[in-house]
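The values are calculated or read from the model by the stated rules, or taken from the named source; none is laboratory data. Keep in mind that what you see is a predicted model, and the values were worked out from it rather than measured. Don't worry about glycine lacking a Cβ; one is built from the backbone with ideal geometry, like all the others, and counts go over all protein chains shown. Note: accessible area is taken over every heavy atom of the protein model, side chains too, but ligands, DNA and RNA are not part of it. Shrake-Rupley method; radii C 1.70, N 1.55, O 1.52, S 1.80 Å.
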Amino acid sequence: MIPRNAPVITIDGASGTGKGTVSQLLAKGLGWKFLDSGALYRVLALAAQKHSVASDNEKSLEVLAEYLDVQFIARDGRFPNVILEGEEVTDVIRTEKIGNAASIVAAFPAVRAALLSRQRVFRERPGLVADGRDMGTVVFPDAELKIFLLASPEERAMRRLKQLKEQGISVTLGDLIEELKLRDKRDQERTVAPLKPAEDAVCIKTDHFTVEQVVERILQEIDRKKAFPVTLTLANELA
């Protein structure tokens, strides 16, 4: 049973649609909790490499997920510090290599089931903004508001290219576009929790919008639905 002890806004979408930054800004503005579900799968992928667990060994990955020793330490205005087995891995899990590995391990039903309850415990008052690929369809299907962000592979690759250049990492735009397309195909075609909008999700195409404009659009949906009376004042102040 899914605990209903707090309202939830889910923000789903493919890699590079801006859901992580948007979710974090929204959570901060509303004063709510924030769940970066993708970080859990990235940490699991890193743990699998660390313990020499093959990416196609579903049973071992399931055990690893059940006993994953991970901590998320909040930081003001930034993504949380991620600690795996006592070692900080915040930057390591954001690499393209780990992102692709996470997409592979996330396709296994047993892995997703093992991490499901871990994600749901983030639902605390005053509310939760949950970022991922199946937040609105599987993890929090009863969420009061579901957002699905969209952007073309080309736009998403350009955003990622800019981030990597800032980190001093050299990569071609063409390679990034192909990697994103392959990851999208893998995420959309997996048998369990495929990447897709929930039936009642609000879809927002972000290609020509700034992060602030996307947040503003979501705040309009919050106001329109009248589902969060406690947070409406905060939302209006943020707008």
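Name the residues in the range 59-95 that are of a type in the set (A, V, I, L, M) and under 13 Å from residue 39 (Cα atoms), would you? Outline the logic, then answer.
Quick first cut of the range 59-95, residues of a type in the set (A, V, I, L, M) only: 61, 63-65, 68, 70, 73-74, 82-84, 89, 92-93.
65, 68, 70, 73, 82, 83, 84, 89, 92, 93 - these are the residues of the range 59-95 that are of a type in the set (A, V, I, L, M) and under 13 Å from residue 39 (Cα atoms).
With 56, 12 as the choices, which residue is outside any helix (DSSP H, G or I), among the acidic types (Asp, Glu) and open to solvent by 10 Å² or more (accessible area, probe 1.4 Å)?
Numbers: 12 fails: open to solvent by 10 Å² or more (accessible area, probe 1.4 Å).
Residue meeting the stated conditions: 56.
When restricted to residues that are within 18 Å of residue 15 (Cα to Cα) and open to solvent by 40 Å² or more (accessible area, probe 1.4 Å), the range 101-121 contains 1. Of all residues in the range 168-180, those satisfying the criterion of being touching a helix residue (DSSP H, G or I) at 6+ places or on another chain (Cβ under 9 Å) and in a loop (DSSP other than H, G, I, E, B) are 169, 170, 171, 172. Of the candidates 123, 94, 118, 75, the single residue that is within 23 Å of residue 16 (Cα to Cα) and touching a residue at least 40 places away in the same chain (Cβ under 8 Å) is 94. Scanning the range 136-151 for residues being open to solvent by less than 30 Å² (accessible area, probe 1.4 Å) and in contact with an Asp or Glu (Cβ under 8 Å, 6 or more places away or on another chain) gives a total of 7. The residues on offer are 235, 130, 239, 151, and the sole one that is modelled with pLDDT of 90 or more and in contact with a helix residue (DSSP H, G or I) (Cβ under 7 Å, 6 or more places away or on another chain) is 130. Here is the figure for the range 181-206: residues that are in a loop (DSSP other than H, G, I, E, B) and out of contact with any Leu (no Cβ under 8 Å at 6 or more places or on another chain) total 12.
Within the bounds of the range 144-154, is there any residue that is touching a strand residue (DSSP E or B) at 6+ places or on another chain (Cβ under 9 Å) and of a type in the set (Asp, Glu)? Give the derivation first.
We begin by selecting, within the range 144-154, every residue touching a strand residue (DSSP E or B) at 6+ places or on another chain (Cβ under 9 Å); these are 144-152.
In the following step, the residues that additionally are of a type in the set (Asp, Glu) were identified as 144.
Yes: one or more hits.
On the stretch given as the range 209-231, residues that are of a type outside the set (A, V, I, L, M, F, W, C) and at pLDDT 90 or above total 7. Listed by first and then second residue, the pairs linking a residue in the range 136-163 that is under 21 Å from residue 40 (Cβ atoms) to a residue that is acidic (Asp, Glu) and outside any strand (DSSP E or B), with Cβ atoms under 7 Å apart and 6 or more places separating them unless they lie on different chains, are 146/200.
If you scan the range 25-53, which residues turn out to be of a type outside the set (Gly, Ala, Ser), in contact (Cβ under 8 Å) with a residue 60 or more places away in the chain and part of a helix (DSSP H, G or I)? Spell out how you get there, then give the answer.
Within the range 25-53, the first condition is being of a type outside the set (Gly, Ala, Ser), and the residues that meet it are 25-26, 28, 30, 32-36, 40-44, 46, 49-51, 53.
Still in the running and in contact (Cβ under 8 Å) with a residue 60 or more places away in the chain: 25-26, 30, 32-36, 40-42, 44.
Hits for the range 25-53 are 25, 26, 30, 40, 41, 42, 44.
Here is a check on your reading of the model: is residue 124 over 30 Å from residue 207 (Cβ atoms) and outside any helix (DSSP H, G or I)? Spelling it out, residue 124 is indeed over 30 Å from residue 207 (Cβ atoms) and outside any helix (DSSP H, G or I). Applying the selection to the range 28-43, what residues are farther than 25 Å from residue 64 by Cα and surrounded by 21 or more Cβ atoms within 10 Å (Cβ to Cβ)? Across the range 28-43, the qualifying residues are 30, 32.
Yes or no: residue 88 open to solvent by 80 Å² or more (accessible area, probe 1.4 Å), within 22 Å of residue 21 (Cα to Cα) and more than 19 Å from the chain's Cα centre (by Cα)? So residue 88 passes the test.
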